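Student: Before we start, here is the structure in question, set down as structure tokens.
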Amino acid sequence: MPDRTPILAANWKMNKTIEETERFLAEFLPKVPDEGGPEVVICPPYPSLKTAVELCLQSRVRIAAQNMHQEEDGAYTGEVSAPMLIELGITGVILGHSERRQYFGETDDALARKVPVALDARLEPILCVGENEAQRDSDETEGVLTRQIEADLASVDDGRLGEIVIAYEPIWAIGTGRTATPEQAQEAIALIRGLIRSRSAEAADAIRILYGGSVKPGNAAELLSQTDVDGALVGGASLDPGDFSAIVAAAA
Ligand code: PGA
């Protein structure tokens, strides 16, 4: 049985000012065990990144961004590049979240470039994939996940696939309170691991694949106990230090 350290990642989306970030961390950090347990990653909005990195220096908590542009610099108004994140002490970046795909036109072509750029910059990519409700209802889940994984990871060397983190986030479960059942999460994540296995058995054993979509303190333990579920990407419940620390404890 491959030994994979679980990851609990907090996706704050467009929530929390710098001051609110400070307040959250003052309450949350003492609840995170100094060693052992899962890896903990917090993904605040850009303006809070520097403060969050500084406040977490003495802890095991790592800070990641929520998006990144694939170019190093240039005329891309409103965008932020990998070297800019690295300079802040960021260790990872969420890529391809369904809200970015849906509201901001994020494409698989852009993601195919972003993932290797992040890896080369030493930013751990957390690549999000998942089907919407209509696709699940018409049995297209497998096809959607296959297309996204194949397209988004097309330019990554097989030998580096294990360094990526994937988050399976069914769109119908995000922010809806309607969580995938543990069996649905396990099935989709096992499918994704199988897609990675067709390129590299070693990477398939190493890669961490998370579940995301209405994870709460009350359902985290059961989701995380599934064989192929290596952690969670948590939105709403990660905004509360008590709730998120309870989810982290559920993975221990
Ligand atoms: P949620 O969001 O936990 O609020 O459903 C998860 C996500 O979008 O990453």
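Student: Might you let me know whether the range 89-97 holds any residue that is within 16 Å of the ligand (Cβ to nearest atom) and polar (S, T, N, Q)?
Tutor: There is no residue in the range 89-97 that is within 16 Å of the ligand (Cβ to nearest atom) and polar (S, T, N, Q).
Student: For the range 231-241, which positions are open to solvent by less than 30 Å² (accessible area, probe 1.4 Å) and either more than 15 Å from GLU39 (Cα to Cα) or at pLDDT below 95 (or both)?
Tutor: Of everything in the range 231-241, those that are open to solvent by less than 30 Å² (accessible area, probe 1.4 Å) and either more than 15 Å from GLU39 (Cα to Cα) or at pLDDT below 95 (or both) turn out to be GLY235, ALA237, PRO241.
Student: Here's another thing I want to ask about it. Of the numbered conditions (1) surrounded by fewer than 23 Cβ atoms within 10 Å (Cβ to Cβ); (2) within 15 Å of the ligand (Cβ to nearest atom); (3) under 23 Å from TRP12 (Cα atoms), GLN184 satisfies every one except a single condition; which is it?
Tutor: (3)
Student: A further question on this structure: Of the numbered conditions (1) in a helix (DSSP H, G or I); (2) within 16 Å of the ligand (Cβ to nearest atom); (3) not β-branched (Val, Ile, Thr), ALA118 satisfies every one except a single condition; which is it?
Tutor: Tallying (1) in a helix (DSSP H, G or I); (2) within 16 Å of the ligand (Cβ to nearest atom); (3) not β-branched (Val, Ile, Thr), ALA118 fails exactly one: (2).
Student: From the list GLY78, GLY36, GLY89, which residue is modelled with pLDDT under 95, open to solvent by 10 Å² or more (accessible area, probe 1.4 Å) and not basic (Lys, Arg)?
Tutor: Result of the check over GLY78, GLY36, GLY89: GLY36.
Student: Among the residues in the range 192-200, are any within 30 Å of ALA26 (Cβ to Cβ) and small (Gly, Ala, Ser)?
Tutor: no
Student: Right, next: Determine if the range 192-199 includes at least one residue that is modelled with pLDDT of 95 or more and within 27 Å of THR21 (Cβ to Cβ).
Tutor: No - not one qualifying residue is present in the range 192-199.
Student: While we're on this one: With the structure loaded, tell me whether ASP228 is within 18 Å of PRO2 (Cα to Cα), more than 9 Å from the ligand (Cβ to nearest atom), surrounded by fewer than 22 Cβ atoms within 10 Å (Cβ to Cβ) and of a type in the set (Asp, Glu) or whether it fails that test.
Tutor: Yes, satisfied.
Student: Mind listing whichever residues of the range 204-224 are more than 16 Å from the ligand (Cβ to nearest atom) and either open to solvent by 30 Å² or more (accessible area, probe 1.4 Å) or out of contact with any Lys or Arg (no Cβ under 8 Å at 6 or more places or on another chain) (or both)?
Tutor: Once the filter is applied, which keeps residues that are more than 16 Å from the ligand (Cβ to nearest atom) and either open to solvent by 30 Å² or more (accessible area, probe 1.4 Å) or out of contact with any Lys or Arg (no Cβ under 8 Å at 6 or more places or on another chain) (or both), the range 204-224 yields ASP205, ALA206.
Student: Select from the range 159-179 the residues that are exposed (fewer than 14 other Cβ atoms within 10 Å of the Cβ) and more than 16 Å from the ligand (Cβ to nearest atom) and list them in ascending order.
Tutor: GLY159
Student: So, in the range 26-62, exactly how many residues are among the acidic types (Asp, Glu) and in a strand (DSSP E or B)? Full working, then the answer.
Tutor: First, the residues of the range 26-62 that are among the acidic types (Asp, Glu): 27, 34-35, 39, 54.
Filter once more, keeping what is in a strand (DSSP E or B): 39.
Matching residues across the range 26-62 total 1.
Student: Now a separate question. Among the residues of the range 53-102, what is the count of those that are among the charged types (D, E, K, R) and within 19 Å of PHE28 (Cα to Cα)?
Tutor: The number of residues fulfilling the criteria is 3.
Student: Taking the range 121-151, which residues are of a type outside the set (D, E, K, R), surrounded by fewer than 20 Cβ atoms within 10 Å (Cβ to Cβ) and assigned to a loop (DSSP other than H, G, I, E, B)?
Tutor: Listed by number, the residues that qualify are ALA121, ASN132, SER138.
The values are calculated or read from the model by the stated rules, or taken from the named source; none is laboratory data. The shown structure was predicted, so the numbers you read here are calculated from the model rather than taken from an experiment. Every residue, glycine as well, gets a Cβ built from its backbone with ideal geometry; the counts of neighbours run over all protein chains shown. All accessible areas refer to the heavy atoms of the entire protein, side chains included, with ligands and DNA or RNA removed. Shrake-Rupley method; radii C 1.70, N 1.55, O 1.52, S 1.80 Å.
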